Structure formats: C-alpha cells, structure tokens
Amino acid sequence: MDYKAILNEIKPNEAEKNEILDISNEIISKINQIASEEEIICEAKLVGSVAKETFLKGNGDIDIFISFSLNTSIDDLKEKGLFLAHKTAIELNADVVEKYASHPYLTIYINGQEVDIVPCYDIENSDQIKSAVDRTILHTEYIKKHLNADQKDEVILLKKFMKEIGVYGSEFKVGGFAGYLCEMLILKYETFKNTLIQSSKWRYNGVIDLEDHKTFKLFKDPLIAIDPTDKNRNVGAALSLEKMNDFVFASRNYLSSDDDKRLSFFYPLNRKNISKDFILNSFNNRESKTILISFSLPKMAMDNVYPQISKTTQSLKNKLEDIGFKIIYTSFWSDEKAIGLILIEFDSWRLSKYDENIGPKIYYKTACEEFIEAHGDNVFLKNQFLVQKKERKFRTPEDLINFIFKNEENIKILKIGKDLKNSILNEYKLFSINEFLDNLDENNPENDENFLFFLDDYLNPSQHLKR
C-alpha cells in the first residue's frame, strides 16, 4: 500500500502549515502584548493538533490557551482570560463567538481560520489541575516529546481513516476517538497498519497504559487508555462501545481488502443515486412504518443539545414499547442551525382494541376480591391469574405522541431534555416518512444533503465500515 501517495493528499503542505503558524503566532503575540500592557500575568501558548503537527489537511483549527498562575482565582481567570481574548479579537478585526466548556472561552474567526482562545491554569502535573481544560497543555507537551516525525504521519493516516468510517471525534454527536487517543494508539502500536492489526483483536475492557500506571481497575469503559499525564483519567471514557466496535470491524475489513479497496477507506463514501425518491422507495420497500418528529433547536451549543435529543429519543422509545409497540430502530438528526428530528421505525404500529391488565394469582383470596371490586365485570381467569380486559387509550404511536406532547403535565411522563421541552411543546410536528420527504423543497431547512446522507446511513448500517 502506497501510504506516501495518500499522505500527499491528506497531509497539510508547507504553505498551509506556515499560514496556520503565522496566524497562531500573530494571535499569541497580540495576547501577550496586551497582557503586558494591562499588567496581567499570564502566557499564551499554542496547543492541540496544530502544535503537535498531527492535523489533517484543511482541518487546522487553532487552539491557543492563556495560562494563569495557580494562585489566580477562577473568577479572575475567567474575567481576565475573556478580556484578553475579546481585546485581541477587536485589535485583529476578527469575528467572535463566546462559548462555554468548564468555563467560558472565545472562538474567533480570522483569515478563514477558526481559533479557540481558552483560559487555563499553568500546571506542571495532573495533581495541580483546577479546571478540566488544564490538562490540554500537559497532553501537548507529552505528545511533542514522545511522538517522532514518522509517527506524526502515522497519526494523520489513522485520523483520516477514522474520520471516513465515522469514528473520529470525542464529542457526543460522534462518541468516537479523540485526537489525543489517536496519538496514544500510534505511540503504543507505532504505525497505522499495526494499529489496525492490533485493534482488530481488541476485546471489551482492553487496556492501553503507556506509562505503566496500573490504574486500569478504576475504569469499566469499553476501551481503557490511561492518560500518560494523569493516572486517574481514562482518555477513552468518551468512546462509545458502538464506535469502538465500528473501528474493530472496519479494521478487519481494511486488512482483508486488496489495495484498491483499501484506498477507498481514506475517502468519503461513494454514494450513488441518493435522491429524495430513492430514499423514499427504500423506506417503502421495508414495509415498516417510520415517523419523524421535528422541533426547533434551543439557542445553545450543540454539544449540550445532542445529549438531550438522545435522552428524549430513548425515553420516548421506552414509553412506546411499554404499551406494546414493537420498534425496529430509533435515531436522531439535526442541521445544527434550526431543526432537530427524532426518527422512529416500527415493526408493529397498530394495537388491538383491548389490552389485558394482569392481576393477582387465584390463590390469594383477599387480593382477588379487591381486584374484582376495582375492575368489575371485565375480570376473567387466565391460567392462574385474574385478568382485566380493558380498552386501550392509545392504539397508534401518533395517539401516544400527541398525548405526551399536548401540554406540560403530560410531557412529564418522559425524561426529556430540559432545554428541549418548550421547543417540543410549542413547535413539534409529526410526520410519516412519506409526508416528510414529499414536502421537502429548496426553501426548507430539512432539504439538506446531509439529511439525505443521514437517512442513507440509517437504511444501510455499517456501509462506512466496508468498501
């Protein structure tokens, strides 16, 4: 396999790297200059994949951390950090978005580059950590010290492979491998190919412990990757079992493929005939029933919205199954701008008119008398149990969903994301898949190529993992 040819396409060239470093240095110099003028004791540093030289071509998002001494109060760190970031953005004429992780930080946009400016504490080891972002500097220093030039290329190959099979990124939406975890894998297994060979043999609770901390018993995650800089942290904690299994499966498929097919793993999936009509015909061919619930998004970071959509989807699935509907799959999607969607596909979607309420065994006389008194003539004996025949309140999924989302009282029966409640109560819409796709048009936010790709992936699970 000619990995050099692949690297020529996916690795940033010198011009791109120099441009990114020039922007980084300009921002760092400006922050440090303003800090000096304002007599604020701190230092701006370049961290992350740009500093480690492990970023993919066209994905050189810049991370600059402003480190403050440990005796700085958290309030001062937030206030002074944001002040420096805002003033830097103003002086460099950059666009600004304020965001929030463990504390507020700024994302600025300058010369086509996205730059995160994050205040943190200047720590020397994990025992000094005061906020979740502090360890990033330790991670950067560790990788720069241990990862050699050839291994940086191996990391880039691994990241690209993971990106194209859909397992790269530790944010909730993906639940995959963090960049730091990719770098740790190369330090452990040395090359991209050997990483795939070894991962193809992974089992649940596998351990990667580069510094031999021996603290793996603290964790119960699918993959345990002990942070070399913090023995009490699992770098793989955000990796879902699903995405770990996807990586194992894709690794096996890659290794068993010829070179032409292996090459395709480094590029986006070759989708054919992905049109509204094609997707609609594919759903109709399944002879199931699929419904979509649409709602507007709350105005907040998507990293906080996705867990709430997931929670709401799972709770709704549980309620539907509790009353007898058989669900094949559920999923959710968002354009990350205006709309969220919950998808539910049913194997059975219309219930009989009557249900059975199982009562006590016939041997418990008092309990049986109370059950008969409570339920009257609609009680009969079935095997050894008294059973009440009762008419169902909800016979279709739409009946139950419309009841739940009718008002604030009814919606309490769901475990719903707190920031989604008002959006769903006020603006939810319920569609069959046919209705939804039939009504797509050019001015509709749902008419997004990414949405059709989402449906294509739903209809064809694992297609990214085998080429």
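The values are calculated or read from the model by the stated rules, or taken from the named source; none is laboratory data. Please read these numbers as outputs of a predicted model, since none were measured by experiment. Reconstructed Cβ throughout: ideal geometry from the backbone, glycine too, with neighbour counts over all protein chains shown.
Quick notes on this one:
- Listed by first and then second residue, the pairs with beta-carbon distance under 6 Å, at least 6 apart or on different chains, first residue in region 179-193 and farther than 19 Å from Leu255 by Cα and assigned by TED's automatic domain parsing to the domain that holds Glu154, second surrounded by fewer than 19 Cβ atoms within 10 Å (Cβ to Cβ) and at pLDDT 95 or above, are Leu187/His146; Leu187/Leu210.
- Being outside the structural domain of Ser126 (by TED's automatic domain parsing), in contact with a Phe, Trp or Tyr (Cβ under 9 Å, 6 or more places away or on another chain) and part of a loop (DSSP other than H, G, I, E, B) holds for only one residue in Arg203, Arg271, and it is Arg271.
- Flag for Lys145 being part of a helix (DSSP H, G or I), among the basic types (Lys, Arg) and surrounded by fewer than 18 Cβ atoms within 10 Å (Cβ to Cβ): yes
- Only one of the listed residues (Lys87, Lys52, Lys78) is touching a His at 6+ places or on another chain (Cβ under 9 Å), over 25 Å from Met302 (Cα atoms) and either of a type outside the set (A, V, I, L, M, F, W, C) or modelled with pLDDT of 95 or more (or both). That residue is Lys52.
- Within region 297-317, residues that are more than 19 Å from Glu98 (Cα to Cα) and in a helix (DSSP H, G or I) sit with their Cβ atoms under 6 Å from residues that are among the aromatic types (Phe, Trp, Tyr) and modelled with pLDDT of 95 or more, at 6+ positions apart or across chains, in these pairs: Ile309/Phe332; Thr313/Phe332.
- Among (1) in a helix (DSSP H, G or I); (2) of a type in the set (Val, Ile, Thr); (3) within 30 Å of Asn285 (Cα to Cα), the one test that Ile342 misses: (1)
- Only a single item in (1) under 30 Å from Asp258 (Cα atoms); (2) at pLDDT below 95; (3) of a type in the set (A, V, I, L, M) is not met by Ile10, and it is number (2).
- Of the residues Asn318, Asn284, Asn304, the single one that is of a type outside the set (D, E, K, R), surrounded by fewer than 19 Cβ atoms within 10 Å (Cβ to Cβ), touching a Lys or Arg at 6+ places or on another chain (Cβ under 9 Å) and within 28 Å of Asn402 (Cβ to Cβ) is Asn318.
- Total residues in region 352-404, condition under 30 Å from Phe431 (Cβ atoms), buried (at least 16 other Cβ atoms within 10 Å of the Cβ) and at pLDDT below 95: 1
- In region 417-440, the residues that are under 19 Å from Glu336 (Cα atoms) and in a loop (DSSP other than H, G, I, E, B): Gly417, Lys418, Asp419, Leu420, Tyr428, Leu440
- Contacts under 8 angstrom Cβ, first residue in region 269-296 being modelled with pLDDT of 95 or more and basic (Lys, Arg), partner assigned to a loop (DSSP other than H, G, I, E, B) and surrounded by fewer than 17 Cβ atoms within 10 Å (Cβ to Cβ), 6 or more apart: none
- Pick from region 88-109, criterion of a type in the set (Val, Ile, Thr) and surrounded by fewer than 18 Cβ atoms within 10 Å (Cβ to Cβ), ranking: nearest to Asn304 (Cα to Cα): Val97
- Sole residue being touching an Asp or Glu at 6+ places or on another chain (Cβ under 9 Å), over 27 Å from Glu43 (Cα atoms), in contact (Cβ under 8 Å) with a residue 24 or more places away in the chain and of a type in the set (Val, Ile, Thr), chosen from Val167, Val174, Val118: Val167
- Annotation note: of Glu26, Glu39, the sole residue that is out of contact with any strand residue (DSSP E or B) (no Cβ under 6 Å at 6 or more places or on another chain), over 26 Å from Glu164 (Cβ atoms), among the charged types (D, E, K, R) and in a loop (DSSP other than H, G, I, E, B) is Glu39.
- Residue within region 444-459 that is surrounded by 18 or more Cβ atoms within 10 Å (Cβ to Cβ) and outside any helix (DSSP H, G or I) present: yes
- Only listed residue being under 27 Å from the mean Cα position of the chain (by Cα) and among the hydroxyl-bearing types (Ser, Thr, Tyr), chosen from Thr54, Thr88, Thr72: Thr54
- Pick from region 227-272, criterion over 21 Å from the mean Cα position of the chain (by Cα) and among the aliphatic types (A, V, I, L, M), ranking: farthest from Phe161 (Cα to Cα): Leu255
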